[in-house]
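Below is one structure, written out as structure tokens; comments come after it.
Coordinate-derived values only; no laboratory data. Small disclaimer: the values here were computed from a predicted structure and weren't measured. All Cβ positions, glycine included, derive from the backbone under ideal geometry; neighbour counts span all protein chains shown.
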Amino acid sequence: MRGDQLARQWQLIQLLARSRAGVGIDRLVDELECTRRTLYRDLDALRYAGFPVIDEKRDGRVFYKFIEKYGLGDAPFTPDEVLALALSADLLSVLEGTLFYDSIQSALSKLRSNLGPEVTEYLNSLRDSLRVIPEPHKSYSESRETLRVLHESVLRQRRVRIQYRSASSGGRESQRELDPYRVWYRSGGLYVIGFDHQSSELRTFAIERILNIDLLESSFEVLEDFDFDQFVASAFGVISDTATPLRIRFAPSMVPYVEERTWHPSQEVERTEDGSLELCMNVGSTAEVRNWILSFGANALVLEPESLREEIAQELRAACTNYSAKEDSREGNEQKKGEPGQ
């Protein structure tokens, strides 16, 4: 099949690109799990596409490799490195409209201008065999200047003044001075973490809610005890707080889905005798994890903490009330439609 052929040839490119001395025919056959005839066809296909595959005989054995110091045109990259860059553009598509996305697209355009048409077509075929569909994400088309100023502020350790619209306070706007420590991407959004002079504490702000930003002359020093990894370690989403032990039981039908994923660095999973799964985590905000638990419906049961268990129960009861009210209203409307006209 075409997909299998491309996957095999992609692996062959990696093997040749990483070996300066060359790779023997026996090793290539073993690594690619194919016959010699298939390997020879793949080598011919790469040569036809413009890859400078050469062979050398040493001690009666044949070794294959790329021409020494081979790059793609004037670019000092191997084919697998170029493909990795192309895939990274897919990963960064969630940041379309920002300088980060524009920069990698510009870099790829420069690389493509140095490729021959055959190599370009071949790499496009390989890229089409692995696509990245972006997760739900925010739009940053109007945040280009904000990101530029924040980037300069973080590098130069210069304070900024921001006009910020808070979601937690119903959209209330406030002006505050901020020492930005780090710009952070998480859960489909960009955030800036820094020392907020209004609250005199470390805070996290959503980039898209910064309505205006000015770079100030005042410089700042990062707090000596600030550790980014430690600061975000407890966050299930973006809220960092004192870690709370959390234990959830998932129904057997959810076990593969839950068990195969890393939801939080602190997680521990344990299968139970009835086939269900218990997931334990230490998270910094149960508010963020609540909606995630609710997404599993009846397949998830909070065992602790008791306060979160009750919050989930209240939410589910309210949902049942809403649906019951809608059913009653629908039945009433149907009865009215069935009554004869006056």
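Close amide H contacts of residue 184 (hydrogens built in the peptide plane, cut-off under 5 Å, sequence separation of 5 or more or a different chain): 191, 192, 193.
Put in line by how crowded their Cβ is, counting other Cβ atoms within 10 Å and starting with the fewest, 255, 94 read 255, 94. Look at 65, 138, 110 and count the other Cβ atoms within 10 Å of each Cβ; fewest to most, that gives 110, 138, 65.
Entry note, region 144-232: relative contact order of 31 percent, from Cα contacts under 8 Å with a spacing of 6+ residues. Per q in 0.13, 0.20, 0.26 Å⁻¹, report the Debye log10 I(q)/I(0) for region 2-66, using one uniform scatterer on each alpha carbon and no solvent. Relative scattering, expressed as log10 I(q)/I(0), comes to -0.30, -0.73, -1.27.
Taking amide H as placed 1.01 Å from N in the peptide plane, the amide H of residue 216 sits under 5 Å from that of 159, 160, 161, each at least 5 places away or on another chain. Amide H to amide H, with H built 1.01 Å from N, residue 264 comes under 5 Å of no residue 5 or more places away or on another chain. The residue 224 and residue 185 beta-carbon pair, evaluated with R₀ = 22 Å, returns a calculated FRET efficiency of approximately 0.30. Put in order of Cβ neighbour count within 10 Å, fewest first, the listed residues 281, 254 become 254, 281. Please give me the summed charge of the neighbours of residue 222: other residues whose Cβ is under 15 Å from its Cβ, Lys and Arg +1, Asp and Glu -1. So the environment of residue 222 carries a net charge of -3. Working note: Karplus 6.51/-1.76/1.60 with θ = phi - 60° gives region 48-57 the couplings 5, 6, x, 7, x, 7, 10, 10, 10, 9 Hz, where Gly and Pro are set to x. Note on residue 5 and residue 101: their simple-model spin labels are 3.5 nm apart, each label 7 Å out from Cα toward Cβ. For region 171-257, a Kirkwood radius taken over Cα pairs fed into Stokes-Einstein (20 °C, viscosity 1.002 mPa s) yields D = 138 µm²/s.
The modelled label-to-label distance between residue 124 and residue 14, using points 7 Å beyond Cα along the C-beta direction, is 2.4 nm.
Once the Cα-Cα distance is subtracted from the 0.36 nm per residue extended length, the residue 266 to residue 198 segment shows a gain of 21.3 nm. Simple spin-label estimate for residue 307 and residue 21 gives 6.3 nm between the two label positions (7 Å along the Cα-to-Cβ direction from each Cα).
Given +1 at the Cβ of Lys and Arg, -1 at the Cβ of Asp and Glu and no other charges, the dipole of region 244-315 around its Cα centre is 140 debye to the nearest 20. The calculated FRET efficiency for residue 148 paired with residue 168, based on their beta-carbon distance and R0 = 25 Å, is about 0.40.
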